[in-house]
Amino acid sequence: MRRSARKRLYVALATGLVLFAGGGPALAADYAGALIDAHSHLPNATAIDAYVAAMKRHNVTKVVLLGVGGAQKDDVAWITAAARKYPDRVVAGQPLPDPTAAPAASRLDAELARSGAHVVGEVHVRQVSRKIDRSPADPAFVKILEVAAKHKAPVVIHQELDASATKALEAALTAVPAATIVLAHGGESTPDVVDGLLARHPNLVVDLSGMHFQRTPALATEKGPLDQGWKALIARRPDRFLIGIDVWAARLFEPAMLDRLMTWTRRVLGELPPEAAERVAHRNAAALFHLE
Ligand SMILES: [Zn+2]
């Protein structure tokens with residue numbers, strides 16, 4: 001294409017975009033307000049530096065750092081050090097590597113008394129790829145929920161829901177109504193199933209972490225629209241969802257990748273009604289984890 005023709009095409013395209021944005025269905029702007037990453041992890045002792053640098057670039061106010069369910073023996077040391085180095089940015093979760101062991105509840109009671117953590121997890125209840133399949137209604141886990149409720153600390157669980165896992169989750173939610181369970185990654189489930197759970201259990205909150213363009217199920221591809229089913233559900237129950245990025249592997253801490261993940265997060269939040277976006281982006285997490 002000759003240069004002048006190309007220029008005319010660009011002008012035409014730009015004009016079309018402006019007209020589209022002004023007249024037709026508005027192109028949503030990225031969410032620009034405060035943002036709390038309610039669910040991430042560290043892969044080593046130094047990754048937090050790259051993460052905090054990215055937080056500053058994208059105005060991510062706080063990050064909740066969680067353990068990875070016993071897969072990393074240094075979770076507590078790394079998270080504690082990160083919180084000490086960046087006290088304004090990092091919220092330290094209380095890892096819980098072995099949730100159905102007999103002494104787990106009394107151990108957690110002592111740890112929460114000492115750490116004062118406002119969130120427990122991530123607890124791997126059902127993760128098919130790691131062959132983990134526990135019941136949250138197991139009496140040992142019910143004790144965990146009672147201890148967490150006593151300390152007013154919600155418990156973040158990873159539970160890939162199928163029919164029987166869903167039943168067990170409902171039994172746990174019913175057994176300890178004073179405990180709040182945060183179901184990570186939307187339970188890797190569907191908006192319909194999650195809607196029913198939220199309707200029946202006021203003590204359930206859902207985190208949308210790890211539902212980004214590199215994973216399935218995803219809320220949206222890197223550039224595509226927010227899934228209609230999730231969008232409708234979040235807009236209808238905006239007080240029940242938290243956003244999170246769920247970085248964990250060292251490769252995700254490359255600055256360019258963090259930029260893509262945080263840009264995507266703001267873009268997807270921008271598709272929600274502004275009031276819902278504010279809640280999901282930071283208000284719900286601030287209230288739930290006592291961050292204000
Ligand atoms: Zn996680």
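The values are calculated or read from the model by the stated rules, or taken from the named source; none is laboratory data. Keep in mind the model is a prediction, meaning the values are calculated, not measured. Don't worry about glycine lacking a Cβ; one is built from the backbone with ideal geometry, like all the others, and counts go over all protein chains shown.
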### Message
Based on this model, can you work out whether GLU271 counts as of a type outside the set (Lys, Arg), in the same structural domain as ALA199 (by TED's automatic domain parsing), in contact with a Lys or Arg (Cβ under 9 Å, 6 or more places away or on another chain) and in contact (Cβ under 8 Å) with a residue 12 or more places away in the chain?
### Response
yes
### Task
For ARG57, work out the one condition from (1) at pLDDT 95 or above; (2) within 25 Å of ILE132 (Cβ to Cβ) it doesn't fulfil.
(2)
### Task
Tell me, please, whether a residue that is at pLDDT 95 or above, more than 16 Å from the ligand (Cβ to nearest atom), within 19 Å of LEU66 (Cα to Cα) and in contact with a strand residue (DSSP E or B) (Cβ under 9 Å, 6 or more places away or on another chain) can be found in the range 217-239.
no
### Query
Mind checking which residues of the range 240-254 are within 15 Å of the ligand (Cβ to nearest atom) and either within 14 Å of the chain's Cα centre (by Cα) or part of a loop (DSSP other than H, G, I, E, B) (or both)?
LEU242, ILE243, GLY244, ILE245, ASP246, VAL247, TRP248, ALA249
### Message
I'm checking my understanding of the structure. Among residues of the range 69-98 that are at pLDDT below 95 and of a type outside the set (D, E, K, R), which one is surrounded by the most Cβ atoms within 10 Å (Cβ to Cβ)?
### Response
GLY69
### Message
Just checking, does the range 101-117 include any residue being within 23 Å of ILE243 (Cα to Cα) and touching a residue at least 24 places away in the same chain (Cβ under 8 Å)?
### Response
yes
### Query
How many residues, within the range 42-63, are crowded, with 24+ Cβ neighbours inside 10 Å and out of contact with any Asp or Glu (no Cβ under 7 Å at 6 or more places or on another chain)?
3
### Task
Determine whether the range 46-58 contains at least one residue that is small (Gly, Ala, Ser), within 16 Å of the ligand (Cβ to nearest atom), more than 15 Å from the chain's Cα centre (by Cα) and at positive phi.
no
### Query
Of the numbered conditions (1) under 19 Å from the mean Cα position of the chain (by Cα); (2) surrounded by fewer than 17 Cβ atoms within 10 Å (Cβ to Cβ); (3) among the polar types (S, T, N, Q), SER129 satisfies every one except a single condition; which is it?
(1)
#### Entry: Within the range 59-73, considering residues that are within 16 Å of the ligand (Cβ to nearest atom) and in a loop (DSSP other than H, G, I, E, B), the one nearest to the chain's Cα centre (by Cα)
LEU66
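Residues checked against (1) surrounded by fewer than 21 Cβ atoms within 10 Å (Cβ to Cβ); (2) of a type in the set (Asp, Glu); (3) touching a Lys or Arg at 6+ places or on another chain (Cβ under 7 Å); (4) under 16 Å from ALA38 (Cα atoms):
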{"position": "ILE245", "(1), (2), (3), (4)": "no, no, no, yes"}
{"position": "ALA249", "(1), (2), (3), (4)": "yes, no, no, no"}
{"position": "THR265", "(1), (2), (3), (4)": "no, no, no, yes"}
{"position": "ALA286", "(1), (2), (3), (4)": "yes, no, no, yes"}
{"position": "GLU292", "(1), (2), (3), (4)": "yes, yes, no, yes"}
### Task
Tell me, yes or no, whether the range 83-92 has at least one residue that is among the basic types (Lys, Arg), in a loop (DSSP other than H, G, I, E, B) and within 21 Å of MET262 (Cα to Cα).
yes
### Message
Based on this model, can you work out whether ALA140 counts as surrounded by fewer than 19 Cβ atoms within 10 Å (Cβ to Cβ) and either within 20 Å of PRO177 (Cα to Cα) or without any contact (Cβ under 8 Å) to a residue 40 or more places away in the chain (or both)?
### Response
yes
